[in-house]
Every structure is written in C-alpha cells, then in structure tokens.
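Coordinate-derived values only; no laboratory data. Every value quoted in this text rests on a predicted model; they were computed, and no experiment measured them. We place every Cβ from the backbone using ideal geometry, glycine too, and count neighbours over all the protein chains shown.
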C-alpha cells in the first residue's frame, strides 16, 4: 500500500479547537445551518457552504462551491490556517468515554483505491459523490479525511506509540467533549520508518468516507483528462492521492444501526409475532426493559409497547454479506413480512445509528410502528465483506468517534494555496 507524507494547511494551535468541526455528512441542512450560526468561524461553514444562502437556494449551485473556496482562502489570509510546507505524517488521537484510538494521517494512492488495495463495502450515491467532487474542484483541496482500517501490525504500533511520546501539535477538548490530540511526524528517520511499514500493509478498508474517496478519484480522473501530458506520471501529482487516517482494526469502535418501521403492514401484533416464528425466529417473553443484543443474529423487537428478544434459528447463508445481522433481518423479516423490498428507498423505514440505549427507539416507533435493535456490526465482519468484494446492506455500520474536519486541508494542485474565486 502506498501511503505518503503530505503538505497541508492546518489551523494555528490556538485556533484549532474553534476551527475543527464534525464532518459535513452528519448534519441535515437545517442542523448544519444552526451549527454554523453557533460557530460561524468553524470549518463547517466551509464544508457546508450552502448555510450562507437561503434555505430555498440550490445547495449544489456553482456559487455555493465558490463560497467554500472564498471562505477557505479567507482563513488562510487571516492566519487561521497556516501552510505546513514540508511533507510529513501526523498522528491523530481521539479519546473520550473510556475509548481511545490513534491513527496515522497520510496521503494514500488513488490508484490503490481503484485497484482494490483500498477496499470498499458501500455503494456511493452519484449526487453525493458529485457534491464532494465539486467541493474539491472549487477549493483545490481535499478537506475531509477518509477513515481507513488495517489489520493490526505490532511493529507499526510500536512506531506510532513511540512517536506519540513527543509534545503534541494540538491537544484540546472539542465542543462535543471529545479530546483530540495531534502529533506531527516530520523527522526524516521517522518519516522513512512509517513509509516503509505502511508499504507492507497489504490492504486497507474504508470504514467511513466512501463518498470522499470516490470524489477524490473522480477529481483526479477529471484533472488528468483535462491536462493530459502536461501532468507527471501516475503517482507523481498531488491529485493522485487522497487524504486519509489509518487506524488498526482493534482500536475502531462501532455502534448499533437500528431499524424503525412506521407501521406493521396491517398485521396485528400477535399475527406479526406468529409470522416471525414461522420464518424461523425464536421469540422471547414480553418485557418492559429495552433489549440491546450482543450476540450474532439476535435482535431486540419493540412492538405493541413492549420489548422481546428475537433469535434467528434458521439456516445462515455462507457468504460474508448474507450472514450479517442486517442481511438476515432484511431477508427474513423486513422484506417478506413487512413488505420493505428496498430499504434504501422505502419511506416506511428509518435508520437510527449510534444509540447504545435501545430505549431511544420507543418514541420513534410510537403506537403504530415497531423497531428492531441490532448489535453493533463488528469491524471484522465489515472487512470480510470487503475482502469478498461484497456490498453491505444500507446503514449497516456506524463508526464512532467521527473524524473531525478542518485539521488537515490538503492542496491537490501542486501545493498551491486554496483558491480565491
């Protein structure tokens, strides 16, 4: 795997806490507007530039992306962002709630993404992919890192641990109570050690950021098509790489991704339970306590004001995708019993991610609906799907904590400054 040190713009240490923000895709349009109103100089104003326009304005219009470019150039001009001109790696630690993970920030080869060395497990939506590509093209920068996982390597872990004993570049607690610590790795010997060990990593897996990765590849293709022979060989230009943070598998944390259905498809509770039993689910007794499963193919069902535990006892498909908890639930309950053939498009189903307490599903299901609580999908299951070249069902993985945006802004046009429209 090719993972290189890189040149970037980054916030001055005294401004990093106020500038860093949650990634663009965790907000609805209204939520983003409210967040920017509270913190107008945060990076979210650049990441979601439509917040500067009326709610009726086309959020994908050219002037929206021009606004992002202008704001980014302003933050360079006013000294919020400074250029770190020597190629280097960074270490990025997120800690909170008893959890800690430390990743390597690097520029990874788009060629490795296209060849499958960097593995995917989700489909991308063209409109969202185009949005991020237009954002990169307008600003001339990659502004949001892709979260990647790799299988643990003891030597690489030793190098990371040693580098993290130095004085940090940033060390602050953000607005969500997460402690963020960043170290700069710039000494030639340390850079060479990391580059050498990363080259030995056979495969990396996109945990979060499929659209950012696809957008980087799209922009790279457009630039190479537009400039042809004027560009260097593949792998020599900044646009040939994408901004990413690599974490060892053992440090990543997933949260549950639950399903709430608006109605019971006309079935009375007793009839619905009978249909589930006929399909092959063992059904536990009625209880008022929320059921959050921890075992594979076990589910919590909230129906008719009470919880029950479901356990699948039928045949389990052999493929990595088919045996997922979400896949079995879709194939045996959501589709044949509740009539949800396409969960990615059916308005009757709602996906709720990141809730450790299943009781949060109760008001969402209400009196007429129902909810299924799932266990968190293990990282190993995600990797197994990607290794088989499979695609996970919609909304199968929820990774926490989310990488913050704005700490690393990577130019892709020969190291030039962010562009002023």
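By definition, a body whose alpha carbon gyration tensor gives a ≥ b ≥ c is oblate when a/c is 1.5 or more and a/b is not larger than b/c, and the stretch 259-313 fits this oblate description.
Distance from the Cα centroid of the stretch 346-421 to that of the stretch 45-99 is 21 Å (rounded to whole angstrom).
Which length gain, in nm to one decimal place, applies between residue 114 and residue 189 when the Cα-Cα distance is subtracted from 0.36 nm times their residue separation?
Gain in length upon complete extension: 24.0 nm.
Computing Rg and the Kirkwood Rh from the Cα coordinates of the stretch 71-166 gives a ratio, Rg/Rh, of 1.00.
Going by a ≥ b ≥ c, the root eigenvalues of the Cα gyration tensor, does the stretch 96-247 fall in the rounded group (a/c under 1.5), the prolate group (a/b larger than b/c) or the oblate group? It is prolate, given that a/c is not under 1.5 and a/b is the larger ratio. Considering the stretch 12-56 at the alpha-carbon level, its Rg and Dmax are found to be 10.5, 37 Å.
Separation of the stretch 122-160 and the stretch 254-330, taken as the distance between their Cα centroids, equals 34 angstrom. The angle between the Cα long axis of helix 188-199 and the longest principal axis of the Cα atoms of the chain comes to about 40 degrees, rounded to the nearest 10. Considering all C-alpha pairs of the chain, those separated by over 35 Å amount to 33%. Shape index of the stretch 1-83: Rg/Rh, with Rg the Cα radius of gyration and Rh the Kirkwood radius from the inverse mean 1/r over Cα pairs, equals 1.01. Cβ-Cβ distance of residue 14 and residue 304, R₀ of 51 Å, FRET efficiency by 1/(1 + (r/R0)^6): the value works out to about 0.35.
Peptide packing for 304-315, 370-381 was compared via the average number of neighbouring C-beta atoms within 10 Å per residue; ordered from the highest value, the list is 370-381, 304-315.
Give the Rg/Rh ratio for the stretch 328-421, taking Rg as the radius of gyration of the Cα atoms and Rh as the Kirkwood radius, to two decimals.
Expressed as Rg/Rh, it is 1.12.
Angle of helix 210-227 to the longest C-alpha principal axis of the chain, folded into 0 to 90 degrees and rounded to 10: 40°. The simple spin-label model puts a point 7 Å past each Cα toward its Cβ; for residue 224 and residue 155 those points are separated by 3.0 nm.
Report note on the peptides 254-265, 235-246, 59-70, 278-289: ranked by the mean count of other C-beta atoms within 10 Å, highest first, their order is 235-246, 254-265, 59-70, 278-289. Each principal axis of the Cα cloud of the stretch 177-259 was taken in turn, and the coordinate range along them, longest first, works out to 47, 45, 29 Å. In plain terms, if you count all Cα to Cα distances in the stretch 376-416 and split them into 5 Å steps from zero, the share in each step is 5, 16, 17, 15, 10, 13, 15, 7, 1 percent. Taking every alpha-carbon pair in the stretch 257-375 and binning the separations at 10 Å intervals from zero gives 14, 52, 32, 2 percent.
For the chain, the longest principal axis of the C-alpha atoms and the axis of helix 154-163 are separated by about 50°. Per residue, the chain reaches -8500 deg cm²/dmol at 222 nm when only DSSP H runs of four or more residues are counted, each adding -39500 (n - 2.57).
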